[in-house]
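This is the structure, below, for whatever I ask next.
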Amino acid sequence: MRTSEPIKRREFIRSSALGAAAIGLGTPAFSSLAATPPPKKDSKLKVGLYSITYLGVWYNGNALTLDDIIFKAKKLGFDGIEIDGKRPHGNPLDMPIKRCKEIKSKAEGEGLEIYAVSANNDFSSPMPEFRECQIAYLRDLIRMTSDLGVKPLRVFLGWPGVTKHPQLARYDIARDIWQYTHYQFSAEETWNWCREGLIECSKYATDYGVTLALQNHLPVINSWKDMVRMVEEVNSPNLKCCLDAPILEDKSAENINEASKTVGSMQVLTHFGGEYGRDTNGKIIDIMPYSNLTEKEKSVNSSLYPNFVKAMKDIGYSGYFSYELCHPLPIVNGHTVGIEFVDQCAGLACEMMKGLINNV
């Protein structure tokens, strides 16, 4: 039983949107994507494990090493792994070409693919020194991604970060700092800084044969239409989309279909999440509390992944559904749950998504 509950990722997203609106980071105008959706075709979808799930941040326990995550992903039934671009997993400072080759070989030896790398970058700072540090970080991460033989590198426009204390990790402290830093600057200024950073990094991605995958994630990006707008404005063949269903504000089937058809062939990566268990009949269920949702919202949530998987199949997406567990977890008897709870959720998430892919 949950005795207390720190801020959740969805609460971070919701409050970030409100804070962004308060400081003027509204949704910019949207024009349609130049690329036309591909014709409908059969897609080969896979399910992967994003290493942030075992970063040792949200559960009570230590982080797994990349080597351990390979074995964990294999044991839980995943087809591959996505490497988070920070310590102790995939900070490029710790990943020279020799280490990249070792990890790639180990994954292949287990029959797994390293299918993506994820950056934790922020191009939005009003301070040029901060933006230049982020560009340098992403350039080295692009190099690392290439050394791993991986194409997609997930990127943000703005990422406030996370703070970590014993048995407590949270988004709100970093989010508040981010909002304070930006409140004196217009949405247009922030947008332009982000575009400049992404244009420069897209050139490095071209040099290394890497594809940047811009996620529809707050802040700065307030909707999937903002994501598409930025991809259009940067106008690089090495910048594409990472449309994630759980962070869509409007989770209706109509909006999912519109977003999916718009990104079309630009979609190169996507993520899903949730906490999972089994009911008395053995059916896999989402066990996250939804007491604050209306019955209509609960109904929309329950159909989210079936609708999204179908939409991805309809546009011919052939990439990964990447599972991530990256929000504060239940507190039981005064302590955050341990890695056993994470294993349960990840294993059932993999089983659930593979079932959807086969049945939808």
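The values are calculated or read from the model by the stated rules, or taken from the named source; none is laboratory data. All values derive from a computational prediction rather than experimental measurement. Quick reminder, even Gly has a Cβ in these numbers, built from the backbone with ideal geometry, and neighbours come from all protein chains shown. When the accessible area is computed, the model is the full protein with side chains, heavy atoms only, and any ligands, DNA or RNA have been set aside. Shrake-Rupley method; radii C 1.70, N 1.55, O 1.52, S 1.80 Å.
Please specify each residue of segment 270-302 satisfying the condition of being in contact with a Ser or Thr (Cβ under 7 Å, 6 or more places away or on another chain) and in contact (Cβ under 8 Å) with a residue 60 or more places away in the chain.
The answer is 271, and nothing else.
Check 123, 156, 78 and return the single one that is in contact with a Phe, Trp or Tyr (Cβ under 9 Å, 6 or more places away or on another chain), among the aromatic types (Phe, Trp, Tyr), over 29 Å from residue 194 (Cβ atoms) and touching a residue at least 24 places away in the same chain (Cβ under 8 Å).
Answer to the check: 78.
Any idea which of 270, 181, 206 is hydroxyl-bearing (Ser, Thr, Tyr) and under 14 Å from the mean Cα position of the chain (by Cα)?
270
Kindly indicate whether residue 180 is surrounded by 15 or more Cβ atoms within 10 Å (Cβ to Cβ) and either of a type outside the set (Ser, Thr, Tyr) or part of a helix (DSSP H, G or I) (or both). If you could, list the steps in order and put the result at the bottom.
Working: surrounded by 15 or more Cβ atoms within 10 Å (Cβ to Cβ): no; either of a type outside the set (Ser, Thr, Tyr) or part of a helix (DSSP H, G or I) (or both): yes.
So residue 180 does not fit the description; no.
Then there's this: Take residue 342 and decide whether it is of a type in the set (A, V, I, L, M), under 20 Å from the mean Cα position of the chain (by Cα) and closer than 24 Å to residue 155 by Cα.
Numbers: of a type in the set (A, V, I, L, M): yes; under 20 Å from the mean Cα position of the chain (by Cα): yes; closer than 24 Å to residue 155 by Cα: no.
No, not satisfied.
Which residue pairs have Cβ atoms closer than 8 Å, lie 6 or more positions apart in sequence or on different chains, and pair a first residue in segment 224-238 that is closer than 14 Å to residue 212 by Cβ and outside any helix (DSSP H, G or I) with a second residue that is open to solvent by less than 20 Å² (accessible area, probe 1.4 Å) and not hydrophobic (A, V, I, L, M, F, W, C)?
236/202; 238/202
Right, here's the next one. Output the qualifying pairs, or none if there are none: Cβ atoms under 6 angstrom, residues six or more apart or on different chains, first residue in segment 127-150 and in contact (Cβ under 8 Å) with a residue 60 or more places away in the chain, second residue in a helix (DSSP H, G or I) and open to solvent by less than 60 Å² (accessible area, probe 1.4 Å).
131/197; 135/197; 138/201; 139/204; 142/204; 142/205; 148/100
Scanning for something more than 18 Å from residue 78 (Cβ to Cβ), out of contact with any Cys (no Cβ under 6 Å at 6 or more places or on another chain) and modelled with pLDDT of 95 or more, does segment 265-276 turn up at least one residue?
yes
Taking the conditions exactly as written (over 13 Å from residue 352 (Cα atoms) and of a type in the set (A, V, I, L, M, F, W, C)), does residue 309 satisfy them or not?
No, not satisfied.
Spot the failing condition for residue 300; the list is (1) open to solvent by less than 60 Å² (accessible area, probe 1.4 Å); (2) in contact with a strand residue (DSSP E or B) (Cβ under 9 Å, 6 or more places away or on another chain); (3) at pLDDT below 95, and only one is missed.
Result: residue 300 passes all but (2).
Could I ask something else about it? Does residue 243 qualify as being surrounded by 22 or more Cβ atoms within 10 Å (Cβ to Cβ) and not charged (D, E, K, R)?
In short, yes.
Please go through segment 160-177 and pick out each residue that is open to solvent by less than 40 Å² (accessible area, probe 1.4 Å) and either touching a residue at least 24 places away in the same chain (Cβ under 8 Å) or under 17 Å from residue 220 (Cβ atoms) (or both).
Within segment 160-177, 160, 161, 169, 171, 172, 174, 175 meet the criteria.
Evaluate segment 303-317: report whether one residue or more is without any contact (Cβ under 8 Å) to a residue 40 or more places away in the chain, open to solvent by less than 50 Å² (accessible area, probe 1.4 Å) and under 23 Å from residue 216 (Cβ atoms).
Checked segment 303-317: no residue is without any contact (Cβ under 8 Å) to a residue 40 or more places away in the chain, open to solvent by less than 50 Å² (accessible area, probe 1.4 Å) and under 23 Å from residue 216 (Cβ atoms).
Also: Which of the residues belonging to segment 246-266 are within 25 Å of residue 83 (Cβ to Cβ) and open to solvent by 10 Å² or more (accessible area, probe 1.4 Å)?
Residues satisfying the conditions are 246, 247, 265, 266.
Of the conditions (1) open to solvent by 20 Å² or more (accessible area, probe 1.4 Å); (2) at pLDDT 95 or above, residue 292 fails just one. Which one is it?
Condition (2) is where residue 292 drops out.
Anything in segment 203-220 that is surrounded by fewer than 23 Cβ atoms within 10 Å (Cβ to Cβ) and closer than 18 Å to residue 133 by Cα? List them, or say none.
Of everything in segment 203-220, those that are surrounded by fewer than 23 Cβ atoms within 10 Å (Cβ to Cβ) and closer than 18 Å to residue 133 by Cα turn out to be 203, 204.
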